[in-house]
Each structure stands twice: as C-alpha cells, then as structure tokens.
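The values are calculated or read from the model by the stated rules, or taken from the named source; none is laboratory data. On a predicted model such as this, the values are computed, not experimentally measured, just so you know. Cβ placement follows ideal geometry from the backbone for every residue including glycine, while neighbour counts extend to all protein chains displayed. Calculation scope for accessible area: heavy atoms of the full protein, side chains included, ligands and nucleic acids excluded. Shrake-Rupley method; radii C 1.70, N 1.55, O 1.52, S 1.80 Å.
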Amino acid sequence: MLFSQPTFLFAFLPLVLALHLVAPRPLRNPGLRESSLVVYACGEGACGLLLVASTAFHHVLGRSIVRARDDGRSVRGRLALVVLFDLGLLFTFKYAPWVLAELHARFGGDLLGRASDWASASLHLPLGISFFTFQAISFAVDLARRDAPAPRSAADFGLYVSLFPQLVAGPIVRYRDLAEQIFERTVDAARFAEGARRFVIGLAKKVLVADVVAGTADSVFALGPEALSPALAWVGVLAYTLQIYFDFSGYSDMAIGIGLMLGMRLPENFLHPYVSRSITEFWRRWHISLSAWFRDYVYIPMGGNQRGALRTLVHLGLVFLLCGLWHGAAWTFVAWGALHGAALVVERIGVGRVLGWQPRPFGIAWAMLLVLLGWVLLRA
C-alpha cells in the first residue's frame, strides 16, 4: 500500500492515527505492530509470513545474545548466525535469479538453465527486504555492543522491524536510535502538527513533482540509440535526476511525518544533496541512513581508515561496490557503486583538497556531473 494511494490517505492512515491516540499506553505498540503488518500484507500477501518469521527468529537470537553478553560469553557465533540468516534471505530472494542467470549465460548446462528458470519464475522479491534485513542486523550488533537496551517484549521488537512508515522505503532506522522511543514516547499537539506538515511536504514531492517528471524520464529511457539525440538524452537524465530525488526524499519525508504523528522521531535521510561540492559531501547528504549504516556496520569493522592509506582506499571501494549491489541485482548497479567508490577514492587521494580551494560552483559541477552519470547507470 503506497502512501500516495487514496485508500492509505483517507482510510488507513486516519484510522491508525485515531486508534493510536485513544488507545491505552500498553496497547499502543501491539496495535501499531498489527497495523504495520496489515499494510505490508496488503501489498505483499503471503510474503508477510516471511516478515513475521524473520521477526521471531531475530527476537529469539536477540535474547540469546543478551544472555551470553551478560554472562561474559562470546556472542560472535550468534552474531554470525544472524548475519548469515539475513544475507541468506537477501541472496535467495534478491540475487539468486540474477546469479543463476549469469552462470547459465556463461557456462550453459541444463541444470543451471532449469535452476535459473525456476528462480526467475518462482522467487518474488518481498517489498522492503533490503531495509528490514539491514535493520535486523543492526539490532543484533547494537545488542552485542551494549549500544541499546534489550526489547521488553516480542511486541516491542516486532514493532521495530515492521513499523510501517519506514518499512518499504526507509530511512533505515537502527535499533539504538528507536529503542527508547518504542519503550516510551509522547504524542502532543506540537509534534503531531510538525508531523502533518512534514507528511504533506513529502506527499507533494511525490505526487506533484516525482510522478510528473517520471513520464518524461520513462519515455526518454525507453528510446533506442537511433532515436536519442544528445539534447533528448540530457532531458531524460535531468528528468530522472529530479524524479529519483523527489520520489525518494518524498517518501522519507512522509515516513518521518507519520513517525512524528505517532510520537517517534525517525532520522533524517536527505539534506539537499544536489548542492554538494564533492561526492564525499554528496554521501553525507544523500540517503544518509544507508551511508551511516555501511559506515558503522561494514566500513569501521573492516578497519576503516585505521590500517593505512592503501587499505582505507580499498575499504571505500569495497563498501561502495556492496552499496551498489544493495540497490539491485544487475551489473549496472555494480557499475554505479564502482563509479561512486572510485570518485571517493580519487577525492581522498587529492582531488578533494583541490575542490576545497575552488569556488563552490566548480565543486557542485564536478559532483553533479558524476551524479548524473551515475543515475544513467542506475536507471538503465
């Protein structure tokens, strides 16, 4: 169920907000959790069972991690099990059809062909799986690091995983950022009004800008090379540049707005990324929750910038290859991640200092040229 659908706007959302406001405090979390599962089931049907099963698995493992941690025992095995489970889910539903198709194309074979055909026909990509698996990993790691309190109940943890405002399109909410707000939150008139305004802004971004320019972008990207002039190509990529920002940031604004109306403050996800003076700055402003997740749970555990200049550059490149794959299962996504990773490496070894000495428009032009090139890869 999309946030811009009339059913959501005029039936589901008002009903959930009204029930949340009048419900006794002990019933708010269970009610909101069940409402979130209803939203997910409306779009995904039986795949909602996968979300429920994943929630149950992580709740049990989370309790086991807390017990082992408090007893002074190692939690690495339990953490490894959580990571393998979540990456296994992602690989099975998101990457297996692509990997099998690539293997069949290169090596042939009836077995690979049948496996590829079965995977393509049978494996449906559950909505939001890239988001709720990353959130589940952050839950386990935050518990192991003592960065957040353990859930008081299965209902509280289930709400964290399935919370409908950010389940489908983010932001990626780390457990430590939401744990206290799940346990205790207050809904007041000022916060509710702030949330309503934020939701309306996000809805306007989505409906009045993103959906309008999407038609132009789709038309241009559907053209063959023989029909694509340089001017038309620029029109297409600029339309898509507007579409992806206003669509994605619009959904984030709506999620943050609903969160505020429910008494929760979700993290910001966009901060005017198209005024960035470098790709490094761009990733501090674009999809902030994703770049922060990769920084805290991948880049720093790999060693970050603490193992010498060369290893730092390797780590940056690897993180952005993974970031590209996170966005989708295709070589174009890998190329998009490689482009951004390479740009970050180049800026780290000297170009970034040069950009800092130049007038701001020069840096914006550099960053936007690379961003536009990247959007062509991502969209194509």
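What to note about this one:
- Only protein heavy atoms count here; on that basis, with a 1.4 Å probe, residue 112 has an accessible area of about 50 Å².
- Only one residue of 232, 257, 290 has its Cα farthest out toward the positive end of the dipole of the chain, where Lys and Arg carry +1 and Asp and Glu -1 on Cβ, and that residue is 290.
- Gaussian network model of the chain, springs between alpha carbon atoms under 10 Å - residue of 271, 178, 123 with greatest fluctuation: 123
- Size of charge dipole - the chain - debye, nearest 20, with Cβ of Lys, Arg +1 and Asp, Glu -1, no other charges: 1100
- Loop-exposed GluC sites (Glu not before Pro) per DSSP, neighbour cap 15 Cβ within 10 angstrom, longest uninterrupted part of the chain: 1-183
- Option label - volume of the Cα convex hull per residue in Å³ computed here, alternatives [x] 170; [y] 188; [z] 149: [x]
- Percentage relative contact order, the chain, counting C-alpha pairs under 8 Å, at least six apart: 15
- Under the simplified labelling scheme, the residue 153-residue 99 pair shows an inter-label distance of 3.9 nm, with each label point 7 Å from Cα along Cα→Cβ.
- Among 106, 145, 73, residue whose mean-square fluctuation peaks in a GNM of the chain (springs only between Cα atoms under 10 Å): 106
- Label-point separation in nm, residue 362 to residue 302, each point 7 Å along Cα→Cβ: 3.1
- The dipole here belongs to segment 1-140: it is taken about the Cα centre, uses +1 on the Cβ of Lys and Arg and -1 on the Cβ of Asp and Glu, and is about 560 debye.
- Helix-only [θ]222 nm of the chain, DSSP H runs n ≥ 4, -39500 (n - 2.57) each, per residue, nearest 500: -22500 deg cm²/dmol
- What you get for segment 149-212, charging only the Cβ of Lys and Arg (+1) and of Asp and Glu (-1), is a dipole of about 160 debye around the Cα centre.
- Mean separation of Cα pairs under 8 Å and 6 or more residues apart, divided by the residue count, gives segment 1-137 a relative contact order of 20 percent.
- Only protein heavy atoms count here; on that basis, with a 1.4 Å probe, residue 368 has an accessible area of about 40 Å².
- For the chain, a Gaussian network of Cα nodes joined below 10 Å ranks 49, 325, 344 by mean-square fluctuation, and the top entry is 49.
- Relative contact order [Cα under 8 Å, 6+ residues apart], segment 36-115, whole percent: 14
- Farthest toward the positive end of the dipole of the chain, out of 116, 186, 372, is the Cα of 186, where the dipole comes from beta carbon charges about the Cα centre.
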